[in-house]
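The values are calculated or read from the model by the stated rules, or taken from the named source; none is laboratory data. Given the structure is predicted, the values throughout are model-derived calculations rather than measurements. Cβ sites come from the backbone with ideal geometry, for glycine too, and all protein chains shown count toward neighbours. Side chains included, ligands, DNA and RNA excluded: accessible areas come from the protein's heavy atoms. Shrake-Rupley method; radii C 1.70, N 1.55, O 1.52, S 1.80 Å.
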Amino acid sequence: MSIIHRIAVVGPESCGKSTLSAQLAASMQTQGMRAVHVTEYARDYYANRPYQVAMSDIEAIAHGQLQAEEVAARQHDWLICDTTVLTCKIWAEVAFGQASPALLQHYRPHDYELTLLTAADIPWQPDPLRSHPAERDWLLGLYQAELAAAGIVPVLLQGSEQQRLQQAWHAIRQLPQWLDGLPKK
């Protein structure tokens, strides 16, 4: 049985998480690593239903996100997770003032060996599931505060797509398991 390495890619809306996650997984695959981009489950969830948010929706999305990770872990060693339950927790707190107990049961920030936090320094891209174009810096602060409260020191990714990818690779190469003999390409 192989060890599963999980990398969380989190941050405010329209900050390049999906692009980075896909690029990083593809780059790892070219290095011969069994990596996969675990997509943001909320997009699948709302693909065939109206975008109306209730706490039950956020709970279902958190559950679906974790299920997607578990399915991916059956065939891959490295999971590049395009968002995590942290996003659901913050989303619930912004929309409803708090996360439900059921949602908090899904929140396991320490499941990830590395947390990459995307800065709000790229242009906003409109999307039907995005709703806070002027609050991205405030949302970034919520992510930073929540991660700090959990004792997690994220790697803040800034700049162009290429710069963010390079910063992510630099952070991965600092992981103990990488230093203990994984590919150094």
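Things worth noting here:
- Whenever a residue of the range 73-94 is under 18 Å from residue 59 (Cβ atoms), its partners that are part of a helix (DSSP H, G or I) and of a type in the set (Val, Ile, Thr), lying with C-beta atoms within less than 6 angstrom and at least six residues away or across chains, give the pairs 88/58; 88/61; 91/58; 92/58.
- Residue match in the range 22-45 (condition: small (Gly, Ala, Ser), over 14 Å from the mean Cα position of the chain (by Cα) and open to solvent by 40 Å² or more (accessible area, probe 1.4 Å)): yes
- Leading residue by the ranking (modelled with the highest pLDDT) among those in the range 1-28 that are farther than 20 Å from residue 147 by Cβ and not in a helix (DSSP H, G or I): 4
- Test: residue in the range 76-93 that is of a type in the set (Lys, Arg) and assigned to a helix (DSSP H, G or I): yes
- Output for the range 47-65, where each listed residue is open to solvent by less than 20 Å² (accessible area, probe 1.4 Å) and in contact (Cβ under 8 Å) with a residue 24 or more places away in the chain: 58, 61, 62, 65
- Within the range 86-93, one or more residues are touching a strand residue (DSSP E or B) at 6+ places or on another chain (Cβ under 8 Å) and surrounded by 14 or more Cβ atoms within 10 Å (Cβ to Cβ).
- Of everything in the range 46-90 that is aromatic (Phe, Trp, Tyr) and farther than 17 Å from residue 111 by Cα, the residue that is nearest to the chain's Cα centre (by Cα) is 46.
- The sole residue among 135, 146, 69 that is modelled with pLDDT of 95 or more, surrounded by 12 or more Cβ atoms within 10 Å (Cβ to Cβ) and closer than 14 Å to residue 12 by Cβ is 146.
- Residue in the range 29-63 that is nearest to residue 102 (Cα to Cα), counting only those that are out of contact with any helix residue (DSSP H, G or I) (no Cβ under 8 Å at 6 or more places or on another chain) and in a helix (DSSP H, G or I): 56
- Just one residue in the set 9, 38, 71, 53 is under 20 Å from residue 140 (Cβ atoms) and of a type in the set (Val, Ile, Thr); that residue is 9.
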